[in-house]
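Asker: Submitted below is the structure of interest, expressed as structure tokens.
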Amino acid sequence: MIRVAGLGKTYNSGEHPVHALKDLDLNIKPGEFVAVMGPSGSGKSTLMNLLGCLDTPTSGAYILDGVDVTRLGDGDLAAVRNRKIGFVFQNFNLLPRMTALRNVELPMLYCGVPAQERRERALQALSMVGLKDRVHHRPNQLSGGQVQRVAIARAVVNRPVIIMADEPTGNLDSRSGLEVMAIFQDLNRKGATIVLVTHERDIALHAARILHFKDGLLVEEEINPSPVQALPTPINTSEGAEGEVAGR
Amino acid sequence: MNILESVRVALEGIVASKLRSVLTTLGIVIGIAAVIAVVAIGQGGRAILMAEMEKVGTNIFAVFVDWRKSDEATGREFSLNDIDVIKSRVPEITHLSPVNNTSADVRGTRKSINAQVLGVNADMAVIRKLNLKSGRFFSQDDDLGKRRVAVVDESLAGDLFGRTEPLGQRVVINDTPFVVVGVIAKGDSLLGFGENPRIYIPVQVWTYVFSNFVGYLEGSTASKDQVTDSMNKAIKVLERRHQQPGLYQGESMEQQMQSANKITGVMTLIIGSIAGISLLVGGIGVMNIMLVSVTERTREVGLRMALGARRRDILIQFLIEAVVLCLLGGAIGMTLGVGGAFLIARLAHWPPLISWWTVFVAFAFSAIIGVIFGILPANKAARLDPIEALRRD
């Protein structure tokens, strides 16, 4: 799925070049749930940007789903982000003026999915995260946990090969955070490949493999044979839909 | 992203901040309103001017001596015999009259008035379409017989004779008595207002009372298509008869109309350009707000890029927003402009002429302004770095 060899990123912003990520070798297999941990400045954000094709490396190779993305131009990278990567952000990044449904439809607008299919797929994704009855709400009418679940629906709606979650629980209370982790684990059980950046060990323990970064280097690779299972707590507003997720 | 979706996003943005959108487009609104009103009023004014000229007659012409080419006036540039010769050589000219004009004191029963005394022949009634209120215009016999008859205009008659019926009254010009045989009705022409009081007398008498001299010729043809051609033929006849090539020049109503047309066109263009400047200013206003909007929505741009928007998609989205904003302003401006044109037309009593092409051009122009002034902000948005943009608050 992801094969990275000798990947590096150097910023030449000031007088001294900053080596944000150094000589990284990494393989992520399909269906893996990987957590990335490290203090700030450890290079985990840079890694996310590189793996998410938002940034291009200064050295090394990155093969995503069989494609060497380091050779791609701007437009092709946009297409890769659109079809192969689903982003979940710490600060949700929903468009405030749009309903949940239209927020979820957004990625499909950039690959020409017809309106009818767009709507159907968005509804499907929203019901999968238990928000079937919240589709016409705007972000400010939803709780933080619900907003992040909308964002997850948006991340998966274009059937990406990998989900990049950057501190997805960082702005949530612990209960909402666990709800979100339950959804990730559920997605993972159904075969989704997930890379999750966090600085909370509690959250990282939901993943089967934990990568520790420090000063731009992968310093430790921890195998977690028995990941913590986040139990999908019954969600007051949409129990039916939630049951559907939990039942699988 | 498809265009419809971009338009939808743009409209949502406009609705979400109504006051700002209205203020943003104010320059466009005023510009378009001004352009439409000015063009409509200009065209209405031109139509009125043309209608007035039609009323005077489009089939008339005059032949003068070009004084720049004649070192000194001999008084022999025209002769009364020219009239018959020209009419026989150029049969298209149906009516032709010499015109002698001087200002002199005219004494009536009530008082003496300084008036234009015109010496013409009987054809003049037809050439100038003189509308007689009472009596008759003098005839060819009156002219050839050198009868001392006169035709006065209505207002002069009132001044000369008060409430007394002017027909049959005596007026004295240069110690020569005349009998009033006709009164010309006051014209309703807008162009004729403020004309001097006039009195027409037979040219044969005029040359006797004043001096033996012909000022210029005025004539008319059956249709306006013949007028310039016939006028030029008449000039040729005169040149040959007086052996003075290049001495004469003519002016036809057709030419006058063309130059009037040109003048009103230029006027409309000038005022329209001034209105156009306000459109330019309006466009800069739109650009300004679009730049602010791009800054405000930096994170949205970053997000859209992360979700797979190409730089082109972002560029097009912001361009469409600018165009939608300008078209909105254009629509409001058009409503105001059309309304204003009707209002002014009603006050000025002339027809408001709003042609479809004006409306179309105004709309197209607002869209073009949107594109021109949207490019800079849209380009700024499209060139954002997605990582930076996503990090922005």
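The values are calculated or read from the model by the stated rules, or taken from the named source; none is laboratory data. The structure presented is a predicted model; accordingly, all values stated were derived computationally and were not measured. Here Cβ is always computed from backbone atoms with ideal geometry, including for glycine, and neighbour counts include all displayed protein chains. Quick note on the areas: whole protein, heavy atoms, side chains included, nothing else; ligands and nucleic acids left out. Shrake-Rupley method; radii C 1.70, N 1.55, O 1.52, S 1.80 Å.
Asker: Consider B:Ile235 carefully, then state whether it is in the same structural domain as B:Phe318 (by TED's automatic domain parsing) and assigned to a helix (DSSP H, G or I). Write out each step before concluding.
Answerer: On the way: in the same structural domain as B:Phe318 (by TED's automatic domain parsing): no; assigned to a helix (DSSP H, G or I): yes.
No.
Asker: Taking the condition of being among the small types (Gly, Ala, Ser), open to solvent by 10 Å² or more (accessible area, probe 1.4 Å), in contact (Cβ under 8 Å) with a residue 24 or more places away in the chain and in a helix (DSSP H, G or I), how many residues in segment A:155-181 meet it? Break it down into steps so the answer makes sense when it comes.
Answerer: We begin by selecting, within segment A:155-181, every residue among the small types (Gly, Ala, Ser); these are A:155, A:165, A:170, A:174, A:176-177.
Those still in the list that are open to solvent by 10 Å² or more (accessible area, probe 1.4 Å) too: A:170, A:174, A:176.
After this cut, where a residue has to be in contact (Cβ under 8 Å) with a residue 24 or more places away in the chain as well, the list is A:170, A:176.
From what's left, in a helix (DSSP H, G or I): A:176.
Qualifying residue count for the region: 1.
Asker: Could you tell me whether any residue of segment A:79-100 is in contact with a His (Cβ under 6 Å, 6 or more places away or on another chain) and either at the interface with chain B (Cβ under 8 Å from one of its Cβ atoms) or of a type in the set (A, V, I, L, M, F, W, C) (or both)?
Answerer: Yes, segment A:79-100 has at least one match.
Asker: Applying the selection to segment B:365-383, what residues are at pLDDT 90 or above and surrounded by fewer than 21 Cβ atoms within 10 Å (Cβ to Cβ)?
Answerer: B:Ala367, B:Ile368, B:Val371, B:Ile372, B:Ile375, B:Leu376, B:Asn379, B:Lys380, B:Arg383
Asker: So which of B:Gln249, B:Gln226, B:Gln204, B:Gln256 ends up being open to solvent by 20 Å² or more (accessible area, probe 1.4 Å), outside any loop (DSSP other than H, G, I, E, B) and within 30 Å of B:Val38 (Cβ to Cβ)? Explain how you work it out, then say what you get.
Answerer: Details: B:Gln249 fails: within 30 Å of B:Val38 (Cβ to Cβ); B:Gln226 fails: within 30 Å of B:Val38 (Cβ to Cβ); B:Gln204 fails: within 30 Å of B:Val38 (Cβ to Cβ).
It is B:Gln256.
Asker: Related question: From the list A:Val156, A:Val197, A:Val180, pick out the single residue that is under 25 Å from A:Val67 (Cβ atoms) and in contact with a Gly (Cβ under 7 Å, 6 or more places away or on another chain).
Answerer: On the way: A:Val197 fails: in contact with a Gly (Cβ under 7 Å, 6 or more places away or on another chain); A:Val180 fails: under 25 Å from A:Val67 (Cβ atoms).
Only one candidate qualifies: A:Val156.
Asker: Can I ask one more? So which residues in segment A:68-77 are in contact with a helix residue (DSSP H, G or I) (Cβ under 7 Å, 6 or more places away or on another chain) and at the interface with chain B (Cβ under 8 Å from one of its Cβ atoms), if there are any at all?
Answerer: Selection gives A:Asp74 alone.
Asker: List the helices (runs of 4 or more DSSP H) that sit entirely inside segment B:1-118 and contain at least 3 residues that are open to solvent by less than 50 Å² (accessible area, probe 1.4 Å), within 14 Å of chain A (Cβ to nearest Cβ) and more than 19 Å from B:Thr207 (Cα to Cα).
Answerer: Numbers: elements: B:3-16, B:18-56, B:81-89.
Fully inside segment B:1-118 and qualifying: B:3-16.
Asker: Name, by its number, the condition in (1) open to solvent by 60 Å² or more (accessible area, probe 1.4 Å); (2) within 14 Å of chain A (Cβ to nearest Cβ) that does not hold for B:Val266.
Answerer: Tallying (1) open to solvent by 60 Å² or more (accessible area, probe 1.4 Å); (2) within 14 Å of chain A (Cβ to nearest Cβ), B:Val266 fails exactly one: (2).
Asker: Right, another one. Go through segment B:119-151 and report how many residues are part of a strand (DSSP E or B) and either open to solvent by 60 Å² or more (accessible area, probe 1.4 Å) or of a type in the set (Phe, Trp, Tyr) (or both).
Answerer: Let us first name the residues in segment B:119-151 that are part of a strand (DSSP E or B), namely B:119-120, B:132-135, B:149-151.
Narrowing further to those that are either open to solvent by 60 Å² or more (accessible area, probe 1.4 Å) or of a type in the set (Phe, Trp, Tyr) (or both): B:133.
Looking only at that region, the number is 1.
Asker: Within segment A:114-145, track down each residue that is of a type in the set (S, T, N, Q) and either open to solvent by 70 Å² or more (accessible area, probe 1.4 Å) or closer than 17 Å to A:Phe92 by Cα (or both).
Answerer: We begin by selecting, within segment A:114-145, every residue of a type in the set (S, T, N, Q); these are A:116, A:124, A:127, A:140-141, A:143.
Across segment A:114-145, the qualifying residues are A:Gln116, A:Gln124, A:Asn140, A:Gln141, A:Ser143.
Asker: I'd like the full set of residues that are assigned to a loop (DSSP other than H, G, I, E, B) and within 14 Å of chain B (Cβ to nearest Cβ), limited to segment A:44-67. If you could, list the steps in order and put the result at the bottom.
Answerer: Kept after step one, since they are assigned to a loop (DSSP other than H, G, I, E, B), are these residues of segment A:44-67: A:52-58, A:65-66.
The answer is A:Gly52, A:Cys53, A:Leu54, A:Asp55, A:Thr56, A:Pro57.
Asker: Within the group A:Gly86, A:Gly41, which residue is touching a residue at least 40 places away in the same chain (Cβ under 8 Å), of a type outside the set (A, V, I, L, M), in a strand (DSSP E or B) and more than 24 Å from B:Arg383 (Cβ to Cβ)?
Answerer: On the way: A:Gly41 fails: in a strand (DSSP E or B).
Step by step, each of A:Gly86, A:Gly41 is checked, and only A:Gly86 is touching a residue at least 40 places away in the same chain (Cβ under 8 Å), of a type outside the set (A, V, I, L, M), in a strand (DSSP E or B) and more than 24 Å from B:Arg383 (Cβ to Cβ).
Asker: Shifting gears a bit: Going by the conditions given, is B:Glu296 within 14 Å of chain A (Cβ to nearest Cβ) and open to solvent by 30 Å² or more (accessible area, probe 1.4 Å)? Even if it seems obvious, please write down each step before you answer.
Answerer: Details: within 14 Å of chain A (Cβ to nearest Cβ): yes; open to solvent by 30 Å² or more (accessible area, probe 1.4 Å): yes.
Judged against the criteria, B:Glu296 is a match.
Asker: Quick test for you: out of B:Gly285, B:Gly276, B:Gly302, pick the one residue that is away from chain A (no Cβ under 14 Å), within 29 Å of B:Ile368 (Cα to Cα) and at pLDDT 85 or above. Spell out the reasoning first.
Answerer: Details: B:Gly276 fails: at pLDDT 85 or above; B:Gly302 fails: away from chain A (no Cβ under 14 Å).
Going through B:Gly285, B:Gly276, B:Gly302 in turn, the sole match is B:Gly285.
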